[in-house]
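Peer 1: Encoded as structure tokens, here's the structure I'll be asking about.
The values are calculated or read from the model by the stated rules, or taken from the named source; none is laboratory data. All figures in this text were calculated on a predicted structure; none of them were measured in a lab. So basically every Cβ, Gly included, is an ideal-geometry build from the backbone, and we count neighbours across all protein chains shown. Side chains included, ligands, DNA and RNA excluded: accessible areas come from the protein's heavy atoms. Shrake-Rupley method; radii C 1.70, N 1.55, O 1.52, S 1.80 Å.
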Amino acid sequence: MNENTTKTKVIKISDLYNDDIQYACDILKNGGLVAFPTETVYGLGACALNPAAVKKIFEVKGRPQDNPLIVHLASFNQVNEVAYVEEKHLNIIKRLTPGPVTFVLKKKGIIPPEVTAGLDTVGVRVPAHPIAQRLAQCAGPIAAPSANLSGKPSPTDAKSVIEDLFGLVECIIDAGESAFGIESTIIDLTKERPLVLRPGPVTIEELNEIFKEFGGVEFYIPKSDEKPLAPGMKYRHYAPEKSLKMVEPEKIQEYANKDVLILCTLETCEKYLRNANNVHIIGEYAKPYTIAQNLYKSLRLVDKSPYPEAVIEKLPEEGIFFSIMNRIKKAASKS
Ligand code: TXA
Ligand code: MG
């Protein structure tokens, strides 16, 4: 385990004219680590071209060595500095950039093997968050996983980053809550057909439309006996320490006023749990992006709450709900 020995500066940034952005940028340039906001979740960044700095990310997070990092860029124009883009994908990448999408592409030699865990591909993403863009503009490509300790839910605000990384990194930028709250959609473009490795804010339905001329996208389901294409998929994720069980909304009232924390939508609470006091609302069913935004904070709450265990409402599996359920299933699995 890490010792908390690094002096961490937490800086609040609400506008781009703040000199502190330059401070954070200098830390990156000097081989340090900076936790920064993106529109999906907070990232833990190091200069992608500095292998020693990249190695520190793995140490600090306790991240398995075989799990590659995503390279964050300031704009679409930087993509072909780090990866090969096929002509046929150009327009689609442009259309989805900047945004909550990561493209897996054949990597160029400039990206060291420490970033990609030795793979010949690299995940690249141009975040839409202005602070993330500004950092990548001034410090160059930034290798960054989510800014949590390995296995914990990704942080969607600076408070969660501080919980995990205070004393372990040089700088934490506080720019409020992440807009989406779940990690980017990952699309592997090195295969015959575009392959979705991780569902995210841009849904499979939207991607099928965007990739129409390619016959739509495939969704990757790893076979139990093979090494998953996104190495991170094989690790336990997002899971609270306490037991978390998924429950159909109609059955959730069985847990009312028991010694169990109930995580559910506003609608389910109003329908089945009006008099229960052990409920935490995770968002509105009618506005599913609010559920994505609150999900990880709610999962972190499970371990902080006085209840010894928790249940979470089972949701449908289409549109953005599919991406949300992908995370809930992992959080509720005991493997
Ligand atoms: O929204 C996001 O993607 C956030 C923000 C900070 O950008 N980042 C993030 O990073 O979620 P991380 O490291 O927590 O998840 C990255 C996932 C892992 O499952 C990893 O295995 C996969 O992306 N990945 C990275 N590079 C890859 C590659 N070359 N091929 C296949 N999978 C890759
Ligand atoms: Mg992560």
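Peer 1: Place a point 7 Å from the Cα of residue 317 along the Cα-to-Cβ direction; which residues of the stretch 180-201 have their backbone N under 17 Å from it?
Peer 2: 196-200
Peer 1: Between residue 245 and residues 5 or more places away or on another chain, which pairs have amide H atoms under 5 Å apart, with H built 1.01 Å from N, and which residues are they?
Peer 2: 310, 311, 312
Peer 1: If you count only protein heavy atoms and use a 1.4 Å probe, how large is the accessible surface of residue 234, to the nearest 10 Å²?
Peer 2: For residue 234, solvent-accessible area is about 90 Å².
Peer 1: What number do you get for the stretch 233-306 when its Cα radius of gyration is normalised by 2.2 N^0.38 Å, N = residues?
Peer 2: Details: Rg = 12.5 Å, N = 74, 2.2 N^0.38 = 11.3 Å.
So the stretch 233-306 has a normalised radius of gyration of 1.10.
Peer 1: At a threshold of 8 angstrom on Cα-Cα distance, excluding pairs fewer than six apart, so keeping six or more, what relative contact order does the chain reach in percent?
Peer 2: On the way: 739 pairs, mean separation 63.8, N = 335.
RCO, the chain: 19 percent.
Peer 1: Anything over 18 Å Cα to Cα? Flag those among 12/152; 56/234; 242/334, in the order listed. Intermediate results must be reported in sequence, preceding the final value.
Peer 2: Details: 12/152 24 Å; 56/234 22 Å; 242/334 10 Å.
Going by Cα-Cα distance, 12/152; 56/234 fall outside the 18 Å limit.
Peer 1: Something else now. So, taking all protein chains as they sit and a 1.4 Å probe, how much accessible area belongs to residue 303, in Å² rounded to tens?
Peer 2: Counting only protein heavy atoms, residue 303 exposes about 60 Å² to solvent.
Peer 1: Hey, which of these cross-link pairs are over 22 Å Cα-Cα: 297/330; 297/329; 61/245; 245/271; 7/159?
Peer 2: Numbers: 297/330 15 Å; 297/329 16 Å; 61/245 26 Å; 245/271 20 Å; 7/159 17 Å.
Going by Cα-Cα distance, 61/245 fall outside the 22 Å limit.
Peer 1: Something else about it: Suppose only helical runs count, i.e. DSSP H with n ≥ 4. What mean residue ellipticity at 222 nm does that imply for the chain under -39500 (n - 2.57) per run, divided by all residues and rounded to the nearest 500 deg cm²/dmol?
Peer 2: Per the formula, -8000 deg cm²/dmol.
Peer 1: Now a separate question. Under a straight-distance cross-link criterion of Cα-Cα below 14 Å, which aspartates and glutamates are reachable from residue 106, leaving out those fewer than 8 residues away in the same chain?
Peer 2: 81, 86, 87, 120, 188, 192
Peer 1: Separate question: What FRET efficiency do you get for residue 108 and residue 303 if R0 is 41 Å and r is their Cβ-Cβ distance, rounded to the nearest 0.05? Please list the in-between numbers first.
Peer 2: Working: r = 42 Å, r/R0 = 1.01.
According to the calculation, E is roughly 0.50.
Peer 1: To continue, here is another question. Taking the simple approach of a point 7 Å from Cα along Cα-to-Cβ for both residue 227 and residue 12, what is their distance in nm?
Peer 2: 4.6 nm
Peer 1: Could I ask something else about it? Which percent of Cα pairs goes in each bin when the distances of the chain are cut into 10 angstrom slices starting at zero?
Peer 2: Calculated P(r), rounded to whole percents: 6, 26, 34, 24, 9, 1, 0.
Peer 1: Relative to the first principal axis of the alpha-carbon coordinates of the chain, what is the inclination of helix 51-61, with its axis defined by its Cα atoms, in degrees from 0 to 90 and to the nearest 10?
Peer 2: 10 degrees
Peer 1: In addition: Using a basic spin-label model with each label point 7 Å from the Cα along Cα→Cβ, how many nm lie between residue 250 and residue 212?
Peer 2: 3.8 nm
Peer 1: Continuing with the same structure: Which FRET efficiency value, to the nearest 0.05, is calculated for residue 81 and residue 267 with the Förster distance at 41 angstrom and r the Cβ-Cβ distance?
Peer 2: Details: r = 47 Å, r/R0 = 1.14.
Computed FRET efficiency for residue 81 and residue 267 comes out at 0.30.
Peer 1: Connecting C-alpha atoms closer than 10 Å in a GNM of the chain, tell me which of 256, 239, 74 has the biggest fluctuation.
Peer 2: Maximum among the listed residues: 256.
Peer 1: Now, a different point. Please work out the average accessible area per residue across the stretch 92-200, using the 1.4 Å probe convention, and give it in Å². Present the calculation step by step, with values, prior to reporting the outcome.
Peer 2: Numbers: 3360 Å² over 109 residues.
Counting only protein heavy atoms, the per-residue value for the stretch 92-200 is 31 Å².
Peer 1: Could you state the angle between the C-alpha long axis of helix 20-29 and the longest principal axis of the C-alpha atoms of the chain, as a value from 0 to 90 degrees rounded to the nearest 10?
Peer 2: So the helix axis and the longest Cα principal axis differ by about 60 degrees.
Peer 1: Oh, and also: Once neighbouring chains are kept in place and the probe is 1.4 Å, which whole percent of the accessible area of the stretch 86-136 is contributed by carbon and sulfur?
Peer 2: Values: 1080 of 2080 Å².
That share works out to 52 percent.
Peer 1: Something else about it: Expressed as a whole number of Å, what is the distance separating the alpha-carbon centroids of the stretch 42-118 and the stretch 170-238?
Peer 2: The distance from the Cα centre of the stretch 170-238 to that of the stretch 42-118 comes to 14 Å.
Peer 1: Still on this structure, please answer the following. Compute the acute angle (0 to 90°) between the alpha-carbon long axis of helix 130-139 and the principal axis of greatest extent of the alpha-carbon atoms of the chain; round to the nearest 10°.
Peer 2: 30 degrees
Peer 1: Which Cys residues of the chain have no other Cys beta carbon under 4.7 Å away?
Peer 2: Unpaired cysteines in the chain: 47, 171, 264, 269.
Peer 1: Straight-line reach from residue 107: which lysines have a Cα under 21 Å away, not including same-chain ones fewer than 8 places off?
Peer 2: 55, 88, 94, 191, 227
Peer 1: Starting from the residue with the highest accessible area, list 134, 95, 63 in decreasing order, probe 1.4 Å.
Peer 2: Working: 134 85, 95 160, 63 35 Å².
Reading off the accessible areas and sorting them downward yields 95, 134, 63.
Peer 1: Here is a follow-up. Sorted by accessible area (1.4 Å probe), largest first, how do 298, 146 line up? Walk me through the numbers before you get to the answer.
Peer 2: Values: 298 0, 146 30 Å².
Heavy-atom accessible area, descending, gives 146, 298.
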